[in-house]
1. If we keep just the residues of region 149-166 that are out of contact with any helix residue (DSSP H, G or I) (no Cβ under 6 Å at 6 or more places or on another chain) and touching a residue at least 60 places away in the same chain (Cβ under 8 Å), which is farthest from residue 121 (Cα to Cα)?
2. With the requirement that a residue be over 22 Å from the mean Cα position of the chain (by Cα) and exposed (fewer than 13 other Cβ atoms within 10 Å of the Cβ), what does region 1-37 give you?
3. Yes or no: region 151-158 includes at least one residue that is within 15 Å of the chain's Cα centre (by Cα), at pLDDT below 90, closer than 19 Å to residue 7 by Cβ and in a helix (DSSP H, G or I).
4. What is the one condition in (1) surrounded by 19 or more Cβ atoms within 10 Å (Cβ to Cβ); (2) modelled with pLDDT under 75 that residue 84 does not satisfy?
């Protein structure tokens, strides 16, 4: 029961995190049209809830930690279910499950911190100091970096979410023909 509850919590947290990144991605086309004053004003208003100390930061950290623990709970362990219906190209049921978890870990666990700390946070630091009267001279480069980094984060997040869901689905027992 614990594992099922953990899986559900992990899926919810990762889906919520992906929702944050999807919101940024949906805003991208409009925000690319804004002038400097409007862009800086918007960057310094609603996004305070996306990061620390807002709820978005709690969701983000929770998603990363829950997913990491989820990947570790079953890493390399064989499923309690029969593997006769599993994809044997990878050597059996538990290995297929591990492959999907490894894909998730790569897509989400590695990409997110790299994108965030190398591309997003440096822009956050500059934009938090900016005002409508003191716009950074390279604001378009910063805008492009921030917006496209979030779009990239969404793509990696979606790939990671798909791999996470696949790792859960692979572990679902198959009903035998004629059985219930």
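The values are calculated or read from the model by the stated rules, or taken from the named source; none is laboratory data. In this text, all values refer to a predicted model and were calculated from it rather than measured experimentally. As a convention, Cβ positions derive from the backbone with ideal geometry for all residues, glycine included, and neighbour counts pool all protein chains shown.
1. Of everything passing the filter in region 149-166, 165 is farthest from residue 121 (Cα to Cα).
2. 1, 2, 30, 33, 35
3. yes
4. With respect to (1) surrounded by 19 or more Cβ atoms within 10 Å (Cβ to Cβ); (2) modelled with pLDDT under 75, residue 84 is out only on (1).
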